[in-house]
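*Asks:* First, the structure itself, so that you have it in front of you.
The values are calculated or read from the model by the stated rules, or taken from the named source; none is laboratory data. Computed from a predicted model, the values in this text were never measured in an experiment. Virtual Cβ from ideal backbone geometry, glycine too; neighbours counted across all protein chains shown.
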Amino acid sequence: MSVIQRYIDERYPVLQASEKVRNALAQLQEQGLHEAPVLKDGKLIAQVSVDELHEAAKAYEEDEPGMRLEDLSFDEPEAVHGDQHLLDLFEQMGDNRLSNILPVKGDDGDYEGVVTKSGLLREIALLFHFSEAGSTLEIEAPALGVKISEVISVIEKNDAMVLSFGVAEPEPGAQTMAMTFRIQCQDIYRLVTNLEKYGYLIRYAKPSAGTGADALREKALEFMRYIDM
């Protein structure tokens, strides 16, 4: 079962296309919802917000008080499929920042429920180990010729484990690029020192929450005493 399928909320309230605009607005307000999918014969035809319904109710209040949702004009709703990968949805999650839900459709196009963007973002944080104790390391490397596998090998040779990493695409003509790693490491100061010996430029290094600043400062002093000998 995919992450999307695990997160589907089948009980999230929906509106039917035949619903009157005023009634649909009242339903959302009563349930404290900002938005909801609109269905017709089990198919997703729109996703409406309280603000949109307010505007529609105001516009048709006198002329057409019985206006129904299916009579309104809406943009094509964003929808996802349950078998999509979590990372493939990232762009869709940012398309409409005011919305926190994404409707889910099956292979036959039938509506299946919704997933929340906040829930998916938590899964992404777990996937890349953002939410657990770990250290962040950013390395500046040549834009050409460097192999990520070699950098990871050097990190692992220094008793550290790479949990996740990302590479920022260099700008056209740039000589260097940034590689960011999320790692588990008992002694990040030692790791940074050894990486610099390999010729890597460390742009950022932050120890995990479990590594105290006093301990890190003491290691720095030990190193300074060592090079002064």
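*Asks:* Return only the number of the condition from (1) surrounded by fewer than 15 Cβ atoms within 10 Å (Cβ to Cβ); (2) in contact with a strand residue (DSSP E or B) (Cβ under 6 Å, 6 or more places away or on another chain); (3) at pLDDT below 90 that Pro207 does not satisfy.
*Replies:* The one condition Pro207 does not meet is (1).
*Asks:* Which one is farthest from the chain's Cα centre (by Cα), of the residues in region 103-124 that are of a type in the set (D, E, K, R) and assigned to a strand (DSSP E or B)?
*Replies:* Asp110
*Asks:* Moving on to the next point. Just the residues that are hydroxyl-bearing (Ser, Thr, Tyr) and more than 20 Å from Tyr198 (Cβ to Cβ), please, taken from region 146-184.
*Replies:* Residue satisfying the conditions is Ser164 alone.
*Asks:* Give the residues of region 128-145 that are modelled with pLDDT under 85 and either closer than 21 Å to Ile188 by Cβ or not assigned by TED's automatic domain parsing to the domain that holds Val192 (or both), sorted by residue number.
*Replies:* Of everything in region 128-145, those that are modelled with pLDDT under 85 and either closer than 21 Å to Ile188 by Cβ or not assigned by TED's automatic domain parsing to the domain that holds Val192 (or both) turn out to be Phe128, His129, Phe130, Ser131, Glu132, Ala133, Gly134.
*Asks:* What are the residues in region 1-23 that are among the aliphatic types (A, V, I, L, M) and at pLDDT 95 or above, if any?
*Replies:* Those that are among the aliphatic types (A, V, I, L, M) and at pLDDT 95 or above: Val14, Leu15, Ala17.
*Asks:* Scanning region 35-55 for residues that are loosely packed, with under 14 Cβ neighbours inside 10 Å and touching a residue at least 40 places away in the same chain (Cβ under 8 Å), which turns out farthest from Glu78 (Cα to Cα)?
*Replies:* If we take residues in region 35-55 being loosely packed, with under 14 Cβ neighbours inside 10 Å and touching a residue at least 40 places away in the same chain (Cβ under 8 Å), then Gly42 is farthest from Glu78 (Cα to Cα).
*Asks:* Which pairs have Cβ atoms under 8 Å, sit 6 or more apart or on different chains, and link a residue in region 108-137 that is under 16 Å from Ile183 (Cα atoms) and without any contact (Cβ under 8 Å) to a residue 12 or more places away in the chain to one that is surrounded by fewer than 19 Cβ atoms within 10 Å (Cβ to Cβ) and among the polar types (S, T, N, Q)?
*Replies:* From residues that are under 16 Å from Ile183 (Cα atoms) and without any contact (Cβ under 8 Å) to a residue 12 or more places away in the chain, the pairs are Ala125/Ser131.
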